[in-house]
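Bear in mind these aren't lab numbers, they're just calculated from the coordinates by the rules spelled out. Quick caveat: nothing in here was measured; it's all calculated off a predicted structure. Glycine also receives a Cβ, built like all others from the backbone with ideal geometry; neighbour counts cover every protein chain displayed.
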Amino acid sequence: MRNILKITILSAFCAVLLTMAVATFFVQSYADEHFYSTAWFCGLWAVLTAVSLVVFIKKLYRKLPVLIFHISLVVILLGALLTHITSKEGMLHLRQNESADYFVLRENLFKENLGFEMKLDSFFIKHYQGTTMPQDYESHITVDGEQSVISMNNIYKKNGYRFYQTSFDEDYQGTVLSVTYDPIGTPLTYLGYVLFALSGLWILFSKSAKFRKLLQHPLLKKGGLFLLFIFIGFNAHSQERKLPTISYEESDKVSTKQIVYNGRIAPFNTMARDFVSKIYGKPSYYSFTAEQVVCGWIYRPEVWKDEKMILIKDADLQRQLGIEKYASFADFFDENENYRLNTLELTKAVRETDEKIGLILMLTSGKLFQETEVKISESKIKAEIIYNKINFAKILFVVNLTIGFLAFFVMIITKQFPKNVFKTLRILLVVSFVFDLCGYILRWYVSGRVPMGNGYETMLFMSLVIMGLALFFGKKLKILTPFGFLISGFTLLVAWLGQRNPQITQLMPVLNSPILSAHVSTIMIAYALLAFTFFNGLFSFFIKDKEKLSQLSVLSRIMLYPAEILLGIGIFLGAVWANISWGRYWSWDPKETWALITFMVYAVGFHRFSLKFLQNDRKMHLFFVLAFLTVLMTYFGVNYFLGGMHSYANA
């Protein structure tokens with residue numbers, strides 16, 4: 001009987017995971033109809049939940065925090081089922097000074113009576129100071145004589161109905177509101193979220209829980225180990241050029257000029273560096289500053305158009321254009337002024353190059369930035385210029401990986417860190433952490449928001465978390481200090497290599513929510529902890545000593561507890577945020593689906609003594625290495641291959 005239950009759970013578990021993974025590769029509407037909304041998919045979840053409950057009651061009735069933790073998951077699933085069965089969703093379109101007492105159901109387009117009238121008094125778009133970038137969309141309404149405002153992340157509730165700002169008419173005289181009615185499912189699901197968070201914290205702090213026992217494991221008091229490194233070098237060159245532009249003195253003066261760029265007020269220096277970096281691949285061109293390059297293009301484009309400064313990385317495109325590495329603006333037009341890229345196949349390289357040509361045309365036509373009479377504080381302008389000059393990500397990834405590389409050889413020679421070497425490493429890690437923190441705070445001050453609006457910023461935050469964790473736990477677990485250098489170095493390297501859009505921009509209205517920061521930061525901390533387990537697993541492949549192998553296994557299992565709990569809390573915070581923004585706390589978007597897959601895959605790691613293959617330390621490490629592929633798919637793969645509502649995180 002016991003084996004039958006185990007086989008049933010494993011089969012249903014794998015079937016659910018496989019279904020979710022496959023469904024994300026289909027168009028959302030097709031996946032909803034043929035996967036997520038089907039009776040057989042709900043049946044898989046029901047079987048998994050029912051059989052698991054039988055096992056929970058038998059095994060966990062004496063372990064109260066663990067039992068409540070599992071019950072919270074059942075409550076969440078039950079709430080989701082009730083939402084699926086009993087909730088109503090629809091749209092309400094209102095024109096200014098017009099009223100409506102019904103909304104249109106999304107499922108069948110039938111009219112559903114509200115039981116009260118809602119009137120639109122006016123619709124406004126709030127803009128960021130001195131720009132045309134939307135900060136929020138506001139519908140001013142009247143219901144039963146009471147006036148209210150519905151905006152992004154600010155919903156209106158009445159008689160169990162919830163109204164969300166969704167869209168608006170092109171003439172700004174009308175608004176479109178999402179309407180949901182879910183008086184049972186949502187509260188029950190939220191109760192599950194609360195139980196999950198409380199029981200998760202209970203597991204971490206309970207003296208009788210397995211997590212605390214792992215922290216006292218005798219193997220952790222012994223020596224440390226270390227890992228691999230990739231060495232990357234940089235070459236710089238400089239050469240004098242004679243081109244018409246402003247002087248160095250004028251360049252310094254114009255750098256602080258305030259302009260409207262990228263939807264916000266910024267110094268001219270920011271726009272200039274972004275332009276040159278995009279076109280040339282570096283923030284300066286030979287001996288010319290970014291300001292000199294931009295001003296040269298503005299005032300004497302007929303000369304600069306022949307300058308070979310447009311970086312073309314793709315070898316095939318280089319061959320088609322008849323260039324080596326750099327092309328001039330003139331190279332993209334034939335003798336009849338025909339645009340040569342129009343005749344080429346639309347590949348990724350062609351699209352990226354076309355963007356560069358478009359950027360030059362925007363600059364020379366005066367559309368890349370605008371003058372502004374509204375001014376911000378000079379201190380912010382100076383802070384942004386300082387931030388622009390110091391490439392925090394590049395400096396830190398080179399430093400951290402170099403220190404990690406040296407520490408690796410010290411470990412090979414000495415077998416474990418000498419006391420004075422370890423102390424020096426700790427001091428260097430503190431310095432690196434403080435430097436990274438200064439850069440992050442500077443970006444925060446300049447942008448006026450928590451820097452978590454795109455992939456580049458979340459990777460910067462993740463590097464901070466990794467070094468912070470290494471400092472906090474590293475005194476007792478010495479292995480974490482070199483790991484802190486290496487993993488943060490790799491994280492910053494990814495940020496530096498992938499900063500396709502490192503510009504500081506204003507948040508779109510839907511992202512302008514405090515829950516966003518909590519959601520992203522919690523998940524990033526979880527990913528950082530899981531990255532430690534991944535590198536532990538990689539290093540285990542080079543270890544023959546069984547005791548050292550077990551030491552790494554204990555360390556990874558310790559990291560798994562807070563990682564899994566924080567990942568779950570992060571997912572649920574994202575669900576709450578989605579419910580406030582869009583009216584649905586779960587929509588099977590590819591990003592959230594893969595986050596759930598990641599959560600479920602890592603949950604397997606807690607059942608070490610129930611699954612024979614995890615009882616072997618080497619196989620346990622292999623599990624952590626393979627499991628991390630789900631993290632990579634969630635964070636990177638979804639953005640680049642699947643898209644969805646989280647596609648704004650590509651940047």
In nm, what is the difference between 0.36 nm times the number of residues separating Leu428 and Tyr445 and their Cα-Cα distance? 3.6 nm
Cross-link candidates for Lys313: which lysines have Cα within less than 16 Å, leaving aside residues fewer than 8 places away along the same chain? Lys278, Lys282, Lys325, Lys348, Lys356
When ranked by the protection proxy of mean other Cβ atoms within 10 Å per residue, highest first, what sequence do the peptides 81-87, 616-622, 556-562 form? 556-562, 616-622, 81-87
Taking only pairs that are 8 or more places apart or on different chains, how many Lys pairs in the range 88-181 have Cα atoms under 16 angstrom apart? 5
May I ask for the net charge around Arg584, where only other residues with Cβ less than 15 Å from the Cβ of Arg584 are counted and Lys, Arg are +1 while Asp, Glu are -1? -2
Based on the Kirkwood radius over alpha-carbon pairs, what value in µm²/s does the Stokes-Einstein equation return for the translational diffusion coefficient of the range 2-62 at 20 °C and 1.002 mPa s? 170 µm²/s
Once you sort the root eigenvalues of the Cα gyration tensor of the chain as a ≥ b ≥ c, which label holds: rounded (a/c under 1.5), prolate (a/b larger than b/c) or oblate (the other case)? oblate
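Contact order normalised by length for the chain, with contacts defined as Cα pairs under 8 Å and 6 or more residues apart; what percent is it?
Details: 959 pairs, mean separation 85.4, N = 651.
Dividing the mean separation by the residue count of the chain yields 13 percent.
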Mind checking the full-extension length gain between Gln615 and Ile184? Use 0.36 nm per residue of separation minus the Cα-Cα distance, one decimal, nm. 150.9 nm
